[in-house]
Structure formats: structure tokens, C-alpha cells
Amino acid sequence: MSQAAATATPAASTADSPAAEVRRVADAVRRRVLDYTLKNNGGYLSQACSSAETLATLYLRVMRLGPSTAPLVPRPFAGVPGPNNPNAFTGADYNGPQAPDLDRFIFSPVHYALVLYSLLIELGRLGTNGLEAFNQDGSTVELIGAEHSPGHEVTAGSLAQALSQAGGIALARRLRGDSGRVWVYMSDGEFQEGQTWEAFAALAHHRIGNLGVYIDANAQQCDGAMGDVMTIEPLAERLAAFGAEVREVDGHDSDALAAAADGLGAGERPLAVIARTDPCRGIELMRERAPKLHYLRFKSKAEFQAYEALLAKLTAEARA
């Protein structure tokens, strides 16, 4: 296990390898997201399929985070930040205190929010009843996460805005002499946005070597397959041309994902880890929906029942 995971909670069981613990957590995350997709007659399920191992690896094996300082039951919305609202807060405290030697996590594809909430529950950072107010008025546990949502530090706005904010945080941390790093999680669809490339150009120009980006390269976006809508390939070569240090790995291989983080902070280039993922991983039934996988809304009672039966099967297998 990487030294970076020393303060992640909870620690992997001594009976399991770090990779096995990540697989257990990732499978549990997918089941929970499937459960809430059924409860809400729709949801961002393919995002859980593709991202679960990468996010679990970040929390369990890569990022240096302290224990959560946030309540297990999420706070209600207290209004937007501003000089006249002293009660406003962010969800960053679910990732632990902000200390000079600890890492910061910036979550960019905020439509993946339910995946992140589910992960926080599996890690004990959010209570098992933390989703009771999911997607309800006045709740911070939003379908599309914002700065006040658990695990979120900034409002990403339209896709691709969070990287620019993370770059400013990383530059400020370097100027202060902090040893903690900044990690950003992005979707590959954000690389169809011009602001992403402007941000990488700025990161390279300012030699922001304390920032690492993990990219969920699941080759899907809201209108279908990335290659059909607007290709971003060759992504590795393009990122390298913009000044990033690039590593490309299997996004479901925890050992490879963890190894890709090695050395961040030692140089002057931002790190970009392209995690090639499967948007139907663990839920093969979704392949019938290809190439439109972005949001699952059930088309018939029979389809709903098929996914309901799948959840029961996955749950029974996990308990066996």
C-alpha cells in the first residue's frame, strides 16, 4: 500500500490486499448507486460502473487525507457563500481537515455525485443513512453536486471549470510551502471543452507540479459515444503536448491506478492519469442500452424488474 493512504479511513483489512479492498468497496458503491437508481426511476449508473475503482483507489491508496470532520448526517443547505452569509459551508470537511501536509480533493464531474456519496458511506465518512434526503429540496445531497455537497469543495459549474479552480489552489499551496498535493477527478467528456485545455496550458506555464488529475476515460458522453460525437483522441499525446506528464492505465486495476500517482510533487509538471474504463463494468445489463449510457431511465416495467433482479443477485453474491 502506498504511503499516501496512511491516513485514509477506514484502513484495509489485514486479511485483504489493498487491491481486494478496493474491489470490495467499488462493488458496494455500484450496488448502492443501482439501488438509488431503482428508487428514483433513473440515475447516473454508468458513471458508477466506470469510476468506482478509480475513486476507491484515490481514497484508499493515493490521497493523504485526515479523518472526516463533518457530520455523518449531511447538513441542510445554508445558502450560497458570501460576505453576508457566515453559515455557508463546503463539503470538503468530509475529506478531512485542510492542513499543510494533507492533500486536497477537487471533484469535477458533479453529475457523478451519487457515486462519491456512496463511496463516502463505504469508507465511514458519511453515515449509512446519509442518502435519506438525496435529491430533495433543501438538501445538500444533491443529484448534481455543488460546493456544499458531501465530498465536494467547489462548485464545478459547467463541466471543465473545476480544473482551473484546482490549479489556483495548487499554486497557492506551492507559494505557501505546503507539502500537501491537489488531486482532481475529471470525466473524459470535459476534454471536449476548451477551458480544460486552457487550464492545462496554464498549469504547465506556472509549473504546477503538485497537482494530479485522474480522468475517467469511459468513452461516453451525454449524446453517445465520444468517438461519434467529437473525438478527443489521441488524448495522451495531446495532454503531453500541453505540458502534462501522462500515464495511461486500466481504470479498473487498482495496483496500476495507485502506481500511476508515484512521484507527484517531485517535478514541475502536472500529472494526468488516463484511466481507461468500461461504462458497463459490473452491470452487464446496461450494454443493451449502448451507445446511450449517460443516464438510465427505465423504459418499461419489465426493464425495471430486470434491474431489480440484478440488484438482488449482486447483493446475495456479496453476502455469500
Practice problem: Please work out whether region 122-193 counts as rounded, prolate or oblate from its C-alpha gyration tensor, where a ≥ b ≥ c are the square roots of the eigenvalues and a/c under 1.5 means rounded, while otherwise a/b larger than b/c means prolate and anything else oblate? | Solution: oblate
Quiz item: Using modelled amide H (1.01 Å from N, peptide plane; none on Pro or chain starts), what sits under 5 Å from the amide H of A272, excluding residues fewer than 5 places away?
Solution: V213, E245, V246, R247
Practice problem: Pull up the cross-link candidates among the aspartates and glutamates for K292, meaning alpha carbon to alpha carbon under 12 Å and not fewer than 8 places away within one chain. | Solution: D223, D228
Self-check item: Table column - 3J(HN,Hα) (Hz), region 271-283, Karplus curve with 6.51, -1.76, 1.60, x for Gly and Pro
Solution: 9, 10, 9, 8, 9, 6, 10, 10, x, 10, 4, x, 9
Quiz item: Helix-derived [θ] at 222 nm for the chain: sum -39500 (n - 2.57) over DSSP H runs of at least 4, divide by residue count, nearest 500?
Solution: -10500 deg cm²/dmol
Exercise. Could you list T128, T155 in order of exposure, starting from the residue whose Cβ has the fewest other Cβ atoms within 10 Å?
Key: T128, T155
Quiz item: When only DSSP loop residues count, what trypsin sites (Lys or Arg not before Pro) in region 185-261 have their Cβ near at most 15 other Cβ atoms within 10 Å?
Solution: R207
Self-check item: Ascending count of other beta-carbon atoms within 10 Å, so fewest first, for I169, I215
Solution: I169, I215
Quiz prompt | Cα gyration tensor shape of region 161-212, rounded if a/c is under 1.5, else prolate or oblate by comparing a/b with b/c | solution = prolate
Quiz item: Which whole-number percent is the relative contact order of the chain (Cα, under 8 Å, 6+ apart)?
Solution: 20
Quiz item: In which sequence would Y112, Y307 go, from the one with the fewest C-beta neighbours within 10 Å to the one with the most?
Solution: Y307, Y112
Quiz prompt | Ordering of 55-66, 135-146 by packing [mean C-beta count within 10 Å, highest first] | solution = 55-66, 135-146
Practice problem: Taking only Cα atoms and a 10 Å spring cutoff, compute GNM fluctuations for the chain and point out the largest among N41, N85, N218. | Solution: N85
Practice problem: Taking the Cβ of G227 as the centre, find all other residues whose Cβ is under 12 Å away and add up their charges (Lys, Arg: +1; Asp, Glu: -1). | Solution: -4
Exercise. Run down the lysines and flag those whose C-alpha is under 18 Å from the C-alpha of K313, throwing out any fewer than 8 positions away in its chain.
Key: K39
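Bear in mind these aren't lab numbers, they're just calculated from the coordinates by the rules spelled out. This is a predicted model, so every value here is computed, not measured. Ideal geometry is used to build each Cβ from the backbone, glycine not excepted, and the neighbour counts take in all protein chains shown.
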